[in-house]
Amino acid sequence: MNLTPHNVVSLGGVVVGLSLLAWEIVMWWPGAKGAGKGKHMLRLLPFALAWLYGMLLILSAGGLLGLAADYSLWGVSEIGDAVLEYGAGSASPEVTRSSNLALTPGGHGVVVIATVVLIAVWVKRRGINWMLVRAVLSGILLGLAGGIAGIAGYVLSPAVSTAGDAIVGIL
């Protein structure tokens, strides 16, 4: 088994990220009639926000937050690689997108603010919400992926960087 290098996502990591996403959608699914109703859609909002936050974490490549995201990406990618290689008999190639997206200083500020909000949610609820952990981990795993799985990273990075720069007055 080959070890996945720094800030690279393997097929195993993407499989785990998509599996976490699928788990949450199945647990949320209210049925065909209730899926489009507003109250059911609102139940997905915390997951979606935490998922996008995970993508932002892996796009902020430096500092302690980036290091924690990188270790999470590496560790879970290795688990996914092992599942693919030994469980399904498949290879697990690297599937990192070819273009590198980076956040601006304002975008990094948004990541820090989002981190404070997430910690406040955990403190307020007096414990870790495992749905949010699954969402953040899924976002980290899919944030660097190429193709459809990582499309949100293409949209998220410039949008958050522009918003962060505008808020702090860098633009």
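Name the one entry in 160, 168 that is more than 26 Å from residue 14 (Cα to Cα), hydrophobic (A, V, I, L, M, F, W, C), out of contact with any strand residue (DSSP E or B) (no Cβ under 7 Å at 6 or more places or on another chain) and touching a residue at least 24 places away in the same chain (Cβ under 8 Å).
That would be 168, the only listed residue that is more than 26 Å from residue 14 (Cα to Cα), hydrophobic (A, V, I, L, M, F, W, C), out of contact with any strand residue (DSSP E or B) (no Cβ under 7 Å at 6 or more places or on another chain) and touching a residue at least 24 places away in the same chain (Cβ under 8 Å).
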When (1) touching a Pro at 6+ places or on another chain (Cβ under 7 Å); (2) outside any helix (DSSP H, G or I) are applied to residue 90, the one that fails is (1)
Taking first residues from segment 128-148 that are closer than 14 Å to residue 49 by Cα and second residues anywhere that are aromatic (Phe, Trp, Tyr) and part of a loop (DSSP other than H, G, I, E, B), the pairs with Cβ under 8 Å that are 6 or more apart or on different chains are none
Per the list (1) more than 16 Å from residue 142 (Cβ to Cβ); (2) at pLDDT below 80; (3) small (Gly, Ala, Ser), residue check on residue 60 breaks on (1)
Practice task
Looking only at segment 63-86, decide whether some residue is modelled with pLDDT under 80, closer than 18 Å to residue 10 by Cα and among the hydroxyl-bearing types (Ser, Thr, Tyr).
Solution key: no
Filtering segment 116-171 for residues that are buried (at least 17 other Cβ atoms within 10 Å of the Cβ) and of a type in the set (Ser, Thr, Tyr) leaves a count of 3
Flagged pairs (Cβ under 6 angstrom, 6 or more apart or on separate chains; first in segment 28-53, farther than 30 Å from residue 108 by Cα; second assigned to a helix (DSSP H, G or I) and modelled with pLDDT under 80) are 30/40; 34/40
With the first residue restricted to segment 2-14 and required to be buried (at least 22 other Cβ atoms within 10 Å of the Cβ) and part of a loop (DSSP other than H, G, I, E, B), and the second required to be modelled with pLDDT of 80 or more and not charged (D, E, K, R), Cβ contacts under 7 Å at 6 or more apart or on different chains are 4/74; 4/77; 9/73; 9/77; 9/141
Residue count, segment 132-155, condition part of a helix (DSSP H, G or I) and at pLDDT 80 or above, comes to 11
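The values are calculated or read from the model by the stated rules, or taken from the named source; none is laboratory data. Just so you know, these numbers come straight off a predicted model, no measurement behind them. In this analysis, Cβ positions are derived from the backbone assuming ideal geometry, glycine residues included, and neighbour counts consider all displayed protein chains.
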